[in-house]
Amino acid sequence: MRAGSVWPLPWQRAGARGWRRTMALRRLLLRYYPPGIILEYVQGGEPKTRSIDLLDLSPDTDVIALVEEIQKGEPLITTSCKDYVINLVRRLQEKLGEPEDHKFYLFKVLRAHILPLTNVAFNKSGSRFITGSYDRTCKVWDTASGEELRTLEGHRNVVYAIAFNNPYGDKIATGSFDKTCKLWSTETGKCYHTFRGHTAEIVCLSFNLQSTLVATGSMDTTAKLWDIEKGEEVVTLSGHSAEIIALSFNTTGDRIITGSFDHTVAVWEVVTGRMLHTLIGHRGEISSAQFNWDCSLIVTGSMDKTCMLWNAMTGAHIATLTGHSDEILDVCFDYAGQRIATASADGSGRVYNAETRKCIAKLEGHGGEISKICFNPKGNRILTASSDKTARLWDAATGHCLQILEGHSDEIFSCAFNYKGNIIITGSKDNTCRIWH
């Protein structure tokens, strides 16, 4: 959601006629990525929000017909505000149709840490990013200036997994080889909580979108959910027979998946910590696992050279995406959940249509394994990080390489876009982080 995309509603100015019902719409906000509208309303005196996802919106969508369809299922969108909503959806449509030929240039090289970096991550707006390192610290940086804002110190071993509590960005979680996870204030650098309980290294972590929980995955074969406010463990997810190296919440926050070296992915109910499904089918360690935006699909990547697609509700296997000749090191959905990208040790990437499960593009050109792959928020560009010391930018529809980001002197293992898609950060084993504008 973009700050500033908020307007007083014209029909509110016309008086409150017709709004003296149980639910009253306060305002509408545009969400550009993935496309949607956020409704802020009051029900029984309580302020609430809900969203209408417009994941299939394209430049040739009939907007009037779409809004009429939305009206049928959404009582908050009444006839009096229909024209206004049409106008909003058209703005979204224009945004999606804007041509893109952004060239990235090196803005700054940050000699970020005295020992190698482990990870890099942006906050939602892209105004800040963080770096984790073998030097046992996490650093917070200002993206616009490249200035180091603060160093988060306190871990007694490698800081391996790091994250902002996006979309808010006011908190940072760090997971360490010292078996603890720490929660920090982005603004002051104060450590709110140290979460203790794992008996081996923490290698992955994630906040839920609601920013009430942080999940940690460990080499001790368990994942734990922690309450951010209370600073307490909520539940331990036990059931895997080997290390957990990937985890991901769905957007609604009621499910979490864990990927393990035991070749399986488990789907858990967040409230109870109950295992709902075990996704069995891979013949090698899991390298990554992710939900799509509407929580209907799960994608998994494995050392068995395949990527699998699963029904998130039933746990049923839908498809196996083949074609790579070596281990799959990373997989991801685009924001709208329409495409899947895979990165492999064979030095190539692939793009699949999530609906047809067909390979629509091959990303070929790297001279070494690709360890990280991600879409820009708009979904039309893909960024890859490779051991060949370069990052590459690709056209997601055609697989054409648009740009090679050169300059690192050792392998690149981390890369990310900001929310607007106009800034990239890359993290390398050469101990530097580069900002590209």
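What's the magnitude of the charge dipole for the chain around its Cα centre, counting Lys and Arg as +1 and Asp and Glu as -1 at the beta-carbon? Answer in Debye, nearest 20. Don't skip to the answer; put the middle values down first.
Details: 48 positive and 49 negative charges, 271 e Å.
The calculation lands at about 1300 debye.
Which value in nm describes the separation of the simple spin-label points at THR322 and GLU147, placed 7 Å from the Cα toward the beta carbon?
Placing both labels 7 Å beyond Cα along the Cβ direction yields 5.6 nm.
Please report the net charge: other residues with Cβ closer than 14 Å to the Cβ of THR264, K and R +1, D and E -1.
Details: positive: ARG283; negative: GLU243, ASP262, GLU285, ASP304.
Once all neighbours under 14 Å are counted, the net charge is -3.
Can you give the helix-only mean residue ellipticity at 222 nm for the chain, where every DSSP H stretch with n ≥ 4 adds -39500 (n - 2.57) and the sum goes over all residues, rounded to the nearest 500 deg cm²/dmol?
Details: 3 runs with 31 residues, N = 437.
Calculated at 222 nm, the ellipticity per residue is -2000 deg cm²/dmol.
Given a 1.4 Å probe, how much area per residue of the range 279-410 is accessible, in Å²?
With the other protein chains kept in place, the range 279-410 gives 37 Å² per residue.
Name the residue farthest towards the positive end of the dipole of the chain from the options ILE360, GLY273, THR151, assuming +1 on Cβ of Lys and Arg, -1 on Cβ of Asp and Glu, about the Cα centre.
Sorting the options by dipole projection puts first THR151.
Below 8 Å, C-alpha to C-alpha, sequence gap of six or more: please give me the relative contact order for the chain in percent.
The normalised contact order for the chain reaches 10 percent.
Please list 74-87, 97-110 highest first by mean number of surrounding beta-carbon atoms within 10 Å per residue.
Ranked by mean Cβ neighbours within 10 Å, highest first: 74-87, 97-110.
Take the chain, connect every pair of alpha-carbon atoms lying under 10 Å apart with a spring to form a Gaussian network, then pick out the residue of MET313, MET219, MET23 with the largest mean-square fluctuation.
MET23
With angles folded into 0 to 90 degrees, how steeply does helix 63-73 sit against the dominant principal axis of the chain? Use alpha carbons for both and round to 10.
For 63-73 against the chain, the angle is about 90 degrees.
Could you pull out every one of the lysines with an alpha carbon less than 24 Å from that of LYS224, ignoring same-chain neighbours closer than 8 positions?
Once the sequence-local lysines are set aside, what remains near LYS224 is LYS171, LYS179, LYS182, LYS190.
Using a 1.4 angstrom probe on heavy atoms only, work out the carbon and sulfur share of the accessible area of the range 350-417 in %. All intermediate terms of the calculation are to be shown ahead of the outcome.
Values: 1060 of 2610 Å².
Percent of accessible area from carbon and sulfur atoms in the range 350-417: 40.
Running a GNM on the chain with Cα contacts under 10 Å, which residue among GLN93, GLN71, GLN290 ends up with the highest mean-square fluctuation?
The residue with the greatest mean-square fluctuation here is GLN71.
For the range 96-241, with all protein chains present and a 1.4 Å probe, just round the carbon and sulfur fraction of the accessible area to a whole percent.
Working: 3010 of 6410 Å².
Roughly 47 percent, rounded to a whole number.
So how much accessible area does CYS191 have, in Å² to the nearest 10, using a 1.4 Å probe?
50 Å²
Excluding same-chain residues fewer than 8 positions from LYS362, which lysines have a Cα within less than 28 Å of its Cα?
In chain and number order, the partners are LYS95, LYS103, LYS305, LYS372, LYS378, LYS389, LYS420, LYS429.
At a probe size of 1.4 Å, how large is the accessible area of ARG50, to the nearest 10 Å²?
Roll a 1.4 Å probe over it and ARG50 shows about 80 Å².
What is the projected area of the convex hull of the Cα atoms of the range 22-146, averaged over all directions, in nm²?
Working: hull surface 46.7 nm².
Spelled out: convex hull of the Cα atoms, projected over all directions, averaged, 11.7 nm².
Out of GLU187, GLU46, GLU269, any idea which swings most in a Gaussian network model of the chain, alpha carbons joined below 10 Å?
So, out of GLU187, GLU46, GLU269, the one fluctuating most is GLU46.
Quick check for me: using +1 on Lys/Arg Cβ and -1 on Asp/Glu Cβ, what's the dipole size of the range 62-181 about its Cα centre, in debye to the nearest 20? Present the calculation step by step, with values, prior to reporting the outcome.
Working: 16 positive and 16 negative charges, 116 e Å.
That gives a dipole near 560 debye.
Rounding to the nearest 20 debye, state how big the charge dipole of the range 245-377 is about its Cα centre with +1 on each Lys and Arg Cβ and -1 on each Asp and Glu Cβ. Walk me through the intermediate numbers first.
On the way: 10 positive and 14 negative charges, 52 e Å.
In total the dipole reaches around 240 debye.
Can you tell me the orientation of helix 82-97 relative to the chain, as the angle in degrees between its alpha-carbon axis and the longest Cα principal axis, to the nearest 10?
For helix 82-97, the angle is close to 30 degrees.
In whole Å, what are the extents of the range 323-423 along the principal axes defined by its C-alpha atoms, from largest to smallest?
39, 34, 19
Relative contact order for the range 30-183: what is it in percent, counting Cα pairs under 8 Å that are at least 6 residues apart?
Details: 237 pairs, mean separation 19.4, N = 154.
Relative contact order comes out at 13 percent.
Hey, what D do you get for the chain in µm²/s if you plug the Kirkwood alpha-carbon radius into Stokes-Einstein at 10 °C and 1.306 mPa s? Please report the intermediate quantities before stating the final value.
Working: Rh = 22.6 Å.
The calculation lands on 70 µm²/s.
Could you sort ARG434, ARG90 by accessible area so the largest value comes first, with the probe set to 1.4 Å?
On the way: ARG434 30, ARG90 105 Å².
Greatest to least solvent exposure: ARG90, ARG434.
Would you work out what percent of the accessible area of the range 276-321, with all protein chains in place, is carbon or sulfur (probe 1.4 Å)? Please list the in-between numbers first.
Working: 910 of 1740 Å².
Ligands and nucleic acids excluded, carbon and sulfur give 52 percent.
Starting from the alpha-carbon convex hull of the range 135-251, give the projected area averaged over all orientations, in nm².
Details: hull surface 28.8 nm².
Mean orientational projected area (the range 135-251, Cα hull): 7.2 nm².
Quick one: compute the contact order of the range 313-357, relative version, from alpha carbon pairs under 8 angstrom and 6+ residues apart, as a percent. Provide the component values of the computation, followed by the final result.
On the way: 56 pairs, mean separation 13.9, N = 45.
About 31 percent, as a whole number.
The values are calculated or read from the model by the stated rules, or taken from the named source; none is laboratory data. Everything quoted here is computed from the prediction, not taken from an experiment. In this analysis, Cβ positions are derived from the backbone assuming ideal geometry, glycine residues included, and neighbour counts consider all displayed protein chains. With ligands, DNA and RNA removed, areas are computed over all heavy atoms of the protein, side chains included. Shrake-Rupley method; radii C 1.70, N 1.55, O 1.52, S 1.80 Å.
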